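The values are calculated or read from the model by the stated rules, or taken from the named source; none is laboratory data. Owing to the predicted nature of the structure, the values given are computational and were not obtained by experimental measurement. As a convention, Cβ positions derive from the backbone with ideal geometry for all residues, glycine included, and neighbour counts pool all protein chains shown.
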């Protein structure tokens with residue numbers, strides 16, 4: 001497994017860059033709009049694709065032959081997703097509780113805060129929260145994609161033994177059709193983060209996740225040449241320049257460019273400084289992705305109070321400070337909280353079951 005991790009370091013680095021693209025996308029208003037980064041939302045489709053590839057690589061054989069119990073798989077996914085997710089929710093909850101205690105405009109009531117807790121614990125949307133929390137996932141708005149990851153990963157584990165390649169192709173084709181229909185309806189593929197676009201978000205997941213599984217099943221990454229210069233792989237990140245309403249171009253990236261990048265990147269080994277950077281970008285990618293929204297809320301809220309009505313005069317400086325804060329908090333969350341907690345919980349669960357759980361790639 002350590003050889004697999006070393007072999008896919010380039011994909012780890014790509015995941016980290018994609019997370020930073022999403023951070024910049026959500027900070028666009030602080031830098032005059034950053035309209036040239038409108039396509040950054042497509043980084044989520046890259047995440048889904050890599051997830052399908054890595055989940056199949058790591059778990060499919062053991063799920064289908066019965067050597068990994070279903071509950072062991074569920075625990076592994078919960079262990080991977082929940083520590084940083086709960087950390088993000090604590091930051092987001094602190095923001096909204098502070099608004100409530102200070103009786104600020106638009107603050108939720110105590111009852112509203114309590115009612116959202118069960119959905120938060122189960123990584124599920126709470127439509128009622130949109131009125132005060134902006135999204136159905138008020139404490140960590142990026143959690144909409146984690147919800148799809150967790151619950152559809154569980155569904156995949158249930159169906160894996162029956163989900164042959166033909167059936168998987170049907171799922172991919174249906175998802176593609178639904179995504180096109182929903183994209184034309186909403187005039188964008190940026191879907192899944194709201195209840196109205198939940199169907200489109202599910203189609204985004206199954207299309208890319210399914211293609212990732214196919215890449216693993218047919219070992220396509222082993223057929224690619226490993227000798228392309230690294231800068232060639234960076235061309236896939238041109239998706240950030242795609243206009244938000246450019247459906248055809250967005251579909252081309254999802255259906256062609258991203259799969260080709262994963263196939264080629266899976267064959268490319270990196271060493272030295274590039275390996276170091278890819279490793280750490282990959283490890284911090286999840287922290288950057290899930291923590292950035294509550295950090296933006298908290299830091300902007302504090303600076304609005306400190307600067308008063310003049311805060312908008314310092315938007316660019318505030319945006320830069322938020323980027324630094326997100327990177328620092330993601331580093332702390334990853335290295336000092338998430339990874340130690342997961343190691344201890346893995347050891348604890350291994351002792352209780354009498355076995356040692358195998359290591360996994362970041363997925």
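Among the residues that make up the stretch 266-275, is at least one of them within 18 Å of the chain's Cα centre (by Cα), crowded, with 16+ Cβ neighbours inside 10 Å and over 30 Å from residue 105 (Cβ atoms)? First the steps, then the outcome.
Residues of the stretch 266-275 within 18 Å of the chain's Cα centre (by Cα): none.
No.
Within the stretch 67-77, restricting attention to residues that are more than 18 Å from residue 209 (Cβ to Cβ) and touching a residue at least 24 places away in the same chain (Cβ under 8 Å), which residue is surrounded by the most Cβ atoms within 10 Å (Cβ to Cβ)? Let's see the steps before the verdict.
Start the filter on the stretch 67-77 by keeping residues that are more than 18 Å from residue 209 (Cβ to Cβ), which leaves 67-72, 75.
Among the residues that remain, those that are also touching a residue at least 24 places away in the same chain (Cβ under 8 Å) are: 70, 72, 75.
On the way: 70: 13, 72: 18, 75: 16.
Residue satisfying both the conditions and the ranking: 72.
In the stretch 235-248, which residues are touching a residue at least 12 places away in the same chain (Cβ under 8 Å) and either part of a helix (DSSP H, G or I) or in contact with a helix residue (DSSP H, G or I) (Cβ under 8 Å, 6 or more places away or on another chain) (or both)? Explain how you work it out, then say what you get.
To start, the set of residues in the stretch 235-248 that are touching a residue at least 12 places away in the same chain (Cβ under 8 Å) comprises 236-237, 239-247.
Answer for the stretch 235-248, where residues must be touching a residue at least 12 places away in the same chain (Cβ under 8 Å) and either part of a helix (DSSP H, G or I) or in contact with a helix residue (DSSP H, G or I) (Cβ under 8 Å, 6 or more places away or on another chain) (or both): 236, 237, 239, 240, 241, 242, 243, 244, 246, 247.
Taking residue 306 and the conditions (1) modelled with pLDDT of 90 or more; (2) closer than 25 Å to residue 50 by Cβ; (3) exposed (fewer than 12 other Cβ atoms within 10 Å of the Cβ), which numbered condition does it fall short on, given that it satisfies the others?
(2)
Are there helices (runs of 4 or more DSSP H) fully within the stretch 257-335 with at least 2 residues that are under 20 Å from residue 94 (Cβ atoms) and in contact (Cβ under 8 Å) with a residue 60 or more places away in the chain? List them.
Values: elements: 258-265, 272-307, 315-332.
The qualifying helices (runs of 4 or more DSSP H) are 272-307, 315-332.
So, in the stretch 90-116, how many residues would count as being surrounded by 14 or more Cβ atoms within 10 Å (Cβ to Cβ), without any contact (Cβ under 8 Å) to a residue 60 or more places away in the chain and assigned to a helix (DSSP H, G or I)?
Counting residues in the stretch 90-116 that are surrounded by 14 or more Cβ atoms within 10 Å (Cβ to Cβ), without any contact (Cβ under 8 Å) to a residue 60 or more places away in the chain and assigned to a helix (DSSP H, G or I) gives 7.
Filter the stretch 33-43 down to residues that are more than 22 Å from residue 267 (Cα to Cα) and in contact (Cβ under 8 Å) with a residue 40 or more places away in the chain and give me whichever is surrounded by the most Cβ atoms within 10 Å (Cβ to Cβ).
To start, the set of residues in the stretch 33-43 that are more than 22 Å from residue 267 (Cα to Cα) comprises 33-42.
Of the ones still in play, those that are also in contact (Cβ under 8 Å) with a residue 40 or more places away in the chain are 36-42.
Working: 36: 11, 37: 20, 38: 21, 39: 23, 40: 25, 41: 24, 42: 30.
For the stretch 33-43, the residue satisfying everything is 42.
Among the residues of the stretch 143-167, which ones are assigned to a helix (DSSP H, G or I) and more than 20 Å from the chain's Cα centre (by Cα)? Lay out the reasoning, then the answer.
Going residue by residue through the stretch 143-167, those that are assigned to a helix (DSSP H, G or I) are 143-159, 165-167.
Result: 158, 159, 165, 166, 167.
Do you know which of the residues in the stretch 120-132 that are touching a residue at least 40 places away in the same chain (Cβ under 8 Å) and either in contact with a helix residue (DSSP H, G or I) (Cβ under 6 Å, 6 or more places away or on another chain) or in a helix (DSSP H, G or I) (or both) is farthest from residue 74 (Cα to Cα)? First the steps, then the outcome.
First, the residues of the stretch 120-132 that are touching a residue at least 40 places away in the same chain (Cβ under 8 Å): 123, 125, 127, 130.
If we keep only those that are either in contact with a helix residue (DSSP H, G or I) (Cβ under 6 Å, 6 or more places away or on another chain) or in a helix (DSSP H, G or I) (or both) as well, we get 123, 127, 130.
Details: 123: 14, 127: 26, 130: 29 Å.
Selected residue: 130.
Restricting attention to the stretch 103-124, which residues are within 22 Å of residue 286 (Cβ to Cβ) and over 16 Å from the mean Cα position of the chain (by Cα)? Even if it seems obvious, please write down each step before you answer.
Going through the stretch 103-124, the residues within 22 Å of residue 286 (Cβ to Cβ) turn out to be 119-124.
Within the stretch 103-124, 119, 120, 121, 122 meet the criteria.
Has the stretch 168-189 got any residue that is surrounded by 14 or more Cβ atoms within 10 Å (Cβ to Cβ), within 22 Å of the chain's Cα centre (by Cα) and not in a helix (DSSP H, G or I)?
yes
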